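I have placed the structure first, in the form of structure tokens, so that the comments after it can refer back to it.
The values are calculated or read from the model by the stated rules, or taken from the named source; none is laboratory data. These numbers were taken from a predicted model, which means no experiment stands behind them. When we count neighbours, we look across all protein chains shown, and the Cβ atoms used for this are built from the backbone with ideal geometry, even at glycine.
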Amino acid sequence: MESEVRTLLFDLGGVIVELEGQPIKNNWIGSNDSPKASWEKWLTSDAPRAFETGKISADEFANRMISDLKMSISAADFKEYFTNWPIGPYPGAIEFLKSLKSRFTVALFSNSNELHWERKMNEMALDGVFHQSFASHLMGLAKPDPEAFRYVIEALESEPAEILFLDDNRLNVEAARIQGLQAEEVHGLSEAKRCLYRRRLYLNP
């Protein structure tokens with residue numbers, strides 16, 4: 001029998017915040033790849049990981065991505081596109097999160113970076129919406145690493161089994177379960193709401 005959920009831990013991009021397609025465009029790399037294949041190419045570079053853990057600057061990240069993937073775009077244009085990749089919270093997302101705060105600890109755990117974090121917290125008005133926030137570039141740790149989950153669990157001062165983690169990446173969900181969290185893969189706000197509704201944690205799917 002699963003433990004009672006006391007903490008709701010949300011990923012941001014693809015769950016609470018809508019993203020504009022993929023982080024790279026096929027015409028930059030001269031391919032007609034599917035979104036999945038484009039994402040796999042993105043992961044062949046170690047630059048995103050270094051950027052998301054705060055080890056390199058935005059300029060170095062852009063230059064390394066262009067070099068690693070041989071992209072036909074300037075560093076300035078790539079950085080501008082990447083900065084604006086997150087569109088904004090899904091409609092109703094902020095109200096949804098606030099409606100949960102009286103019954104649960106509501107926290108976020110995001111693989112983020114210096115370009116996106118400022119926009120999400122200020123421009124998208126997410127600062128103060130969560131009881132606690134965990135951003136990879138500020139922690140120096142990123143999903144799906146076990147150390148990242150252990151850091152978050154300790155900071156939340158919660159039993160792992162009492163945390164429900166929602167993420168759009170299967171690897172992150174599986175990693176969370178290994179650390180003892182309850183975890184579900186969801187894509188977008190509607191799926192997140194339906195997940196909580198099925199678990200009788202939210203009344204309006």
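Do we find that F61 is within 30 Å of E157 (Cβ to Cβ), not in a strand (DSSP E or B) and not assigned by TED's automatic domain parsing to the domain that holds F109 in this structure? In short, no.
When the test is whether a residue is farther than 30 Å from V129 by Cβ, among the polar types (S, T, N, Q) and at pLDDT below 95, N63 does not pass it.
A single entry from E95, E157 fulfils the requirement of being of a type in the set (D, E, K, R) and at positive phi: E157.
Residue pairs whose Cβ atoms lie under 6 Å apart, sitting 6 or more positions apart in sequence or on different chains, and linking a residue in segment 106-124 that is over 17 Å from A58 (Cα atoms) to a partner that is of a type in the set (V, I, T), are F109/V152.
Within segment 163-191, the set of residues being assigned to a helix (DSSP H, G or I), surrounded by fewer than 18 Cβ atoms within 10 Å (Cβ to Cβ) and not β-branched (V, I, T) comprises R170, L171, E174, R177, S190, E191. Can you find a residue that is within 26 Å of L138 (Cβ to Cβ), of a type in the set (A, V, I, L, M) and either surrounded by fewer than 16 Cβ atoms within 10 Å (Cβ to Cβ) or in contact with a Lys or Arg (Cβ under 6 Å, 6 or more places away or on another chain) (or both) anywhere in segment 23-41? No, there is no match, as no residue in segment 23-41 is within 26 Å of L138 (Cβ to Cβ), of a type in the set (A, V, I, L, M) and either surrounded by fewer than 16 Cβ atoms within 10 Å (Cβ to Cβ) or in contact with a Lys or Arg (Cβ under 6 Å, 6 or more places away or on another chain) (or both).
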